[in-house]
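What follows is calculated from the coordinates using simple rules that are stated; it is not laboratory data. Keep in mind that what you see is a predicted model, and the values were worked out from it rather than measured. Glycine gets a Cβ as well: all are built from the backbone with ideal geometry, and neighbour counts include every protein chain shown.
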Amino acid sequence: MGQAHALINLFIGLFPVIGGLVLAVVIGTAAVNPIGSAKLALALYALGFALFLIAKVSVIRSGRLVTFGSHLMRSPYRALYRTGYVLMVAGLLFTVGLVATRSAEALRHSNPTLGRSGRVPAGEPR
């Protein structure tokens, strides 16, 4: 096994751990500042889509209206295309964090025992 295959296998093995840590940070951020997280998600979506659109327009100008992927783009536009997708995926992560935070809050409000904090007095059910 070569060095490139070893790095790919390491990335595949660590992906659940790294993804879980990223989601934990995103959900924590959304729990503390939901308005800021929503604004950040919207900004990431908008900027990512703008970069994606700039790269796609370069291919449309060459006369190809329907294309998939970045193989027909020049190198700078290919970088914009991929960066746009990365930013839109980051926006999706913040959206998932917001949804997870909101569903946890709805669950907490629907069950009064989950909303309690501190010690429960003796004799009361948990």
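Listed values, structure above:
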read-out	value
Pick from segment 23-41, criterion among the polar types (S, T, N, Q) and buried (at least 17 other Cβ atoms within 10 Å of the Cβ), ranking: nearest to Glu105 (Cα to Cα)	Thr29
Count - residues of segment 65-105 that are of a type in the set (Ser, Thr, Tyr), surrounded by 13 or more Cβ atoms within 10 Å (Cβ to Cβ) and either touching a Cys at 6+ places or on another chain (Cβ under 7 Å) or assigned to a helix (DSSP H, G or I) (or both)	6
Residue, nearest to Val96 (Cα to Cα), within segment 50-64, restricted to residues that are touching a Gly at 6+ places or on another chain (Cβ under 8 Å), buried (at least 17 other Cβ atoms within 10 Å of the Cβ) and not aromatic (Phe, Trp, Tyr)	Leu51
Any hit, segment 29-42, residues being among the polar types (S, T, N, Q) and within 28 Å of Arg78 (Cα to Cα)	no
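Quick grid of which residues meet (1) assigned to a helix (DSSP H, G or I); (2) under 25 Å from Ala100 (Cα atoms); (3) within 13 Å of the chain's Cα centre (by Cα); (4) of a type in the set (Lys, Arg):
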position	(1), (2), (3), (4)
Met1	no, no, no, no
Ile8	yes, no, no, no
Leu21	yes, yes, yes, no
Ile27	yes, yes, yes, no
Gly36	yes, yes, no, no
Leu42	yes, yes, yes, no
Tyr45	yes, yes, yes, no
Gly48	yes, yes, yes, no
